[in-house]
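Student: First the structure, which I've put down as structure tokens, then a few questions once you've had a look.
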Amino acid sequence: MLKPIATPPVVHLVLVRAEIPISQRLSKMIPLILAFTFKIFIPLLVLIAVIDAISATQPQKIQRLAMAGHSQRAISERLGVTRYRVRLALV
């Protein structure tokens with residue numbers, strides 16, 4: 001007849017979590033914050049700026065070119081509209 005095998009006693013480990021000082025927690029978070037800023041936030045802003053520039057209405061384009069110092073004649077030639085249309089948009 002076979003003898004039963006003795007099982008070893010069960011040992012319960014209790015893990016004690018040490019309190020991490022706030023300075024160490026912040027020093028671990030700074031690289032995450034920088035990664036978020038440079039990999040997600042800035043490209044998202046660039047994408048929004050590009051979409052805004054592409055979808056700008058004609059009066060917005062005229063205003064932007066006028067603020068950049070272009071004359072009404074240069075704006076009308078660049079956008080392919082009459083000077084009258086440019087003058088109306090700038091009033």
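Student: When the residues of the range 80-91 are narrowed to those that are hydrophobic (A, V, I, L, M, F, W, C) and in a loop (DSSP other than H, G, I, E, B), which ends up surrounded by the fewest Cβ atoms within 10 Å (Cβ to Cβ)? Before you say what the answer is, go through the steps one by one.
Tutor: We begin by selecting, within the range 80-91, every residue hydrophobic (A, V, I, L, M, F, W, C); these are 81, 86, 88-91.
Retained after the next criterion (residues that are in a loop (DSSP other than H, G, I, E, B)): 81, 91.
On the way: V81: 16, V91: 4.
The selected residue is V91.
Student: Among the residues of the range 47-79, which ones are at pLDDT 95 or above and not in a helix (DSSP H, G or I)?
Tutor: The answer is A68, G69, H70, S71.
Student: Whether any residue in the range 31-43 is under 28 Å from the mean Cα position of the chain (by Cα) and at pLDDT 95 or above is what I want to check. Walk me through it before giving the result.
Tutor: First pass over the range 31-43, keeping only residues under 28 Å from the mean Cα position of the chain (by Cα): 31-43.
Keeping just the survivors that are at pLDDT 95 or above gives none.
No, the range 31-43 contains no residue that is under 28 Å from the mean Cα position of the chain (by Cα) and at pLDDT 95 or above.
The values are calculated or read from the model by the stated rules, or taken from the named source; none is laboratory data. In this text the structure is predicted, and so the values were computed from the model without any measurement. Ideal geometry is used to build each Cβ from the backbone, glycine not excepted, and the neighbour counts take in all protein chains shown.
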